[in-house]
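See below for the structure under consideration.
Computed from the coordinates by the stated procedures, all read-outs in this text should not be read as laboratory data. Quick caveat, the model's predicted, so the values are computed rather than measured. Ideal geometry is used to build each Cβ from the backbone, glycine not excepted, and the neighbour counts take in all protein chains shown.
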Amino acid sequence: MGGRPDEALHHPLAYVRARLGQGKTKFAEAVRLHGRALGCNLATTRSTIFKWERGDHAPDAVTQWVIARMLEIPDSARTSVPWPYWLPAWEDSSHAAPWSRTATLESLTRLAERASMDRRGFLSIGGTALAGIGAQWATADPAVAAATTGDTITPATVDRMSERVESLRAMEQETGGSDYLDSARTDLRLITRMLDHGRYTEATEQRLYTLAAEICCLLGWMSYDASLHTAAQQHYTAALRSARTAGDDTLGAHTLCFMATQAANQREQRAAVSLMDAAETVRSRVPALMRASVAAHQTTVYSKAGENRKAAAALNRAFDALGRADTSETPAYLTWFGESQLRSTEGRFLLLSGQASQATEALERSVVQSAPRDRAVRYGTLALAYQQTGDLDGALDATHRAADLIDDGIRSQRSVERLQEVSRAFAPHRHEPRVQEASERIAAFAT
């Protein structure tokens, strides 16, 4: 990477320029040339770049669009967060580090430091998340604070941190994770400081690394749900390292499932299959519910790779394992998985394999039992299934139900993207007034 490291950390755009090996003048020229190719006459100069990176000004909407196109960043990622946080900053090299306790702690520390990067000129936290910081401060346990500065970490302190993580998970399932990213990063910093500075037994250390893996996996999911894919990968990788350090095969397999889903949805099908192959290696050492989750994620990965026979076999294994599951042995992070999730997987598989009529039945059953955040996405999938069967009334009803949930406060970029897919599928009926109404409602979510 070119450029000075301290410059790269000053501002996300400076980091991007350093990766490209471009100074301010060269980058400004590239923006102008790319804008011209896109039909935009921009006046970007070295001075403009300087002001952006100092935080005095932000690029206007057109210039941001040009920069995103130049850097090959999807519109969904650009519009999901404000400038400059959609820039592809902080390239992660943790995948090349050894799988050791020291490397795991270094990986967690890097993530914690990035979360507290100097963001001069930018108010990065707002709304529910901003209010949540005050609530966290007001209810903070002195034992937690003391444990981050060298005091002995007791089992009770770890219990309190576990309760914080579980509370975050519950809130995320209700409304989506984008409002709680900063709260989750705060918890990751606390856990990392405990590991780095606290005094603890071997058993407590294992619990702390397990908690670190849980919060990193949750951060990965929340980032993925907000279409922040680079951040999601970084957190999933750290979660996998922490789970390995803790010796927790179930949590490792859980993380691999999420990583594979992201890879499959980003058209990295071969990588997704390899990740699920890795999860399969611990199949005999994890509880039945985790085996069901692994098989369900294999179904998704295989179906997206066009291997329908393997996908169908995996789906059968998932239902069989779910029927054998003992909920009393379920870790907290696995409670989201059950019949509702599996019916959703079944519905998506049937839809991808051209069995739309059967897909609607599975998806209808899934929607009824879903958490609000998932329900918004699944109504979008149900709308697609209805469209394929020719049931326009059903498709429109499912579309408006998904839109109602988003209007009511669901913060999931995936739900918006699914509805955008629905809008494109409405194209053959675009002249019908009720389709135009639904399409306009969907378009409003992207503004």
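Quick notes
- Magnitude of the charge dipole, the chain, Cβ model with Lys/Arg +1 and Asp/Glu -1, debye to 20: 1320 debye
- Between the amide H of G198 and those of G150, distances stay under 5 Å, these residues lying 5 or more places away or on another chain, with hydrogens modeled in the peptide plane.
- Globularity ratio of segment 5-80, using Cα Rg and 2.2 N^0.38 Å: 1.04
- Spacing of the two label points (7 Å from each Cα toward its C-beta) at A58 and R36, in nm: 2.9 nm
- Cα gyration tensor, segment 367-447 - rounded (a/c under 1.5), prolate or oblate: oblate
- Partner lysines whose Cα lies under 29 Å from the Cα of K26, excluding those fewer than 8 positions away in the same chain, are identified as K51.
- Distance between modelled label sites at R434 and S357, nm, 7 Å Cα→Cβ extension: 2.3 nm
- Cα-based reach from K310 at 23 Å (exclusive), listing lysines while leaving out same-chain residues under 8 positions away: none
- Max mean-square fluctuation residue, GNM over the chain, Cα-Cα springs under 10 Å, options S100, S183, S303: S100
- Gyration tensor verdict on the chain (Cα atoms; rounded if a/c is under 1.5, prolate if a/b is larger than b/c, oblate otherwise): oblate
- Assuming charge only on the beta carbon of Lys and Arg (+1) and of Asp and Glu (-1), the dipole of segment 5-80 about its Cα centre is about 220 debye to the nearest 20.
- Pairwise label distance in nanometres, K310 with R46, each label 7 Å out on the Cα-Cβ vector: 5.4 nm
- Qualifying aspartates and glutamates (Cα of each under 13 Å from Cα of K24; at least 8 residues distant if same chain): E7, E53
- Within the chain, helix-based [θ] at 222 nm, where runs of 4 or more DSSP H residues each add -39,500 (n - 2.57), nearest 500: -22500 deg cm²/dmol
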